[in-house]
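In what follows, a structure is listed as structure tokens, so that the remarks can point back to it.
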Ligand code: C2E
Ligand code: MG
Ligand code: MG
């Protein structure tokens, strides 16, 4: 059949290659196996949909082949296999992703039929008719469009609920920026943030999200819902010495309490930058605004830096939370982050909770606050109110 998906497996052990090929044939792929990594160039083609690659092979190892694929800008979905511990697989996976490759899964030997079958059945393939090409790239919104959008009120935060593990009650929401683009539909931060950075609009964007979030929190309050709001900030937003006073004034102007507001900064966004803003951060804390370290585990902050910045909360990066039930290294990071946060007197938020099993695991580990699609996806402000009403939440005072 012409439109069967194409799969190539490269493993120096012929038995394993044949096994993977047979599973793929069963699932309906057009599959071939190669067991000589040296022949890679002969078997590789850019119309492959899936490449299953053994990492450890004599002569040319899988990591070297990944580099070649990256040079060729391979579009295939890649599955990595290894007989070694999962640590090696994760390092290779990270390396591949950083080079722009699309790793959809990892397998450790011995490979189980059902595991591979499920992986092959669930790969989400990009549409064949719509490759990411130059024309599409040129169609990304321009700086000018973002300027106009800010003036026209096309940008608005969505809100994702956060629940206490202890009693399922709503503790707060995180504001996540969205752009209701008249032609392109709803755009997310992956488009908005880089564009705002290029155009020097990060402060403008932060002011917009802060004010809209305060306004929304005030509206919820009038409707009987008192909740906290967490807002994402970039390190460059902490340059203005008047920020603590501005923030304090605005918060009160909207009839809110400063302890209802949390500012989140991601760990990867250079701790060094933040240290320079230590006075501003400290004054914000003194005004009772909370500070949260986001995506914890993805950056390089030292314990000393963590201690110097007056954070009140730590958010475990979703990449670890999402893998914690299946992967012992991710679990170790989740466990240690909870311990560390608690030792430093911080609340710990688990982000990216997508199922009951992860909820149960984080509950058993003593995590304080839950956020993720298992609870709810980010939604417009009015919808969040309805959602909270339906939950019959204890924060509702009528
Ligand atoms: P973040 O602050 O770590 O926000 C959490 C992201 O994870 C959100 O993506 C959210 O939709 C997503 N998420 C939550 N639960 C789940 C889950 O269970 N599964 C999965 N797969 N994803 C989940 P979003 O909205 O695309 O935001 C991406 C990032 O963009 C944010 O990551 C934050 O760093 C940044 N960002 C968002 N809004 C703003 C903003 O107003 N200003 C700034 N400076 N950055 C923002
Ligand atoms: Mg965040
Ligand atoms: Mg995060």
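The numbers here are math on the coordinates, done by the rules we state, and not lab data. Computed from a predicted model, the values in this text were never measured in an experiment. All Cβ positions, even for glycine, are placed from backbone atoms using ideal geometry, and neighbour counts span all protein chains on display.
Tabulated results
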item	result
Linear extension gain, residue 90 paired with residue 377, 0.36 nm per residue minus alpha-carbon span	100.6 nm
P(r) of segment 29-96 over all Cα-Cα pairs, binned every 10 Å from zero, in whole percent	19, 58, 23, 0
Sum of -39500 (n - 2.57) over DSSP H runs of 4+, divided by residues of the chain (222 nm, nearest 500)	-12500 deg cm²/dmol
Separation of alpha-carbon centers, segment 326-376 and segment 16-69, rounded to whole Å	36 Å
Crossing angle, helix 328-343 versus the chain [Cα axis fit, 0-90 degrees, rounded to tens]	20 degrees
Three-way shape label, segment 73-224, alpha-carbon gyration tensor, a/c 1.5	oblate
Neighbour-count order for 325, 122, fewest beta carbons within 10 angstrom listed first	122, 325
Binned Cα-Cα distances of segment 1-133, short to long, each 10 Å bin given as a whole percent	12, 49, 35, 4
Sorted by Cβ density within 10 Å, fewest first, the residues 179, 246	246, 179
Percent of alpha-carbon pairs separated by more than 26 Å within the chain	61 percent
Relative contact order, percent, the chain [alpha-carbon distance under 8 Å, six or more residues apart]	11 percent
Separation of the residue 164 and residue 143 label points, Cα + 7 Å toward Cβ, nm	4.7 nm
Contact order relative to length of segment 227-331, as percent, for alpha carbon pairs under 8 angstrom and 6 or more apart	26 percent
Folded to 0 to 90 degrees: helix 143-152 orientation relative to the chain principal axis, Cα	40 degrees
Likely footprinting exposure, 311, 125, fewest C-beta neighbours within 10 Å first	125, 311
On Cα atoms only, tilt of 189-198 relative to the major axis of the chain in degrees	70 degrees
DSSP beta bridge pairing in segment 139-391, given as percent antiparallel to the nearest 5	40 percent
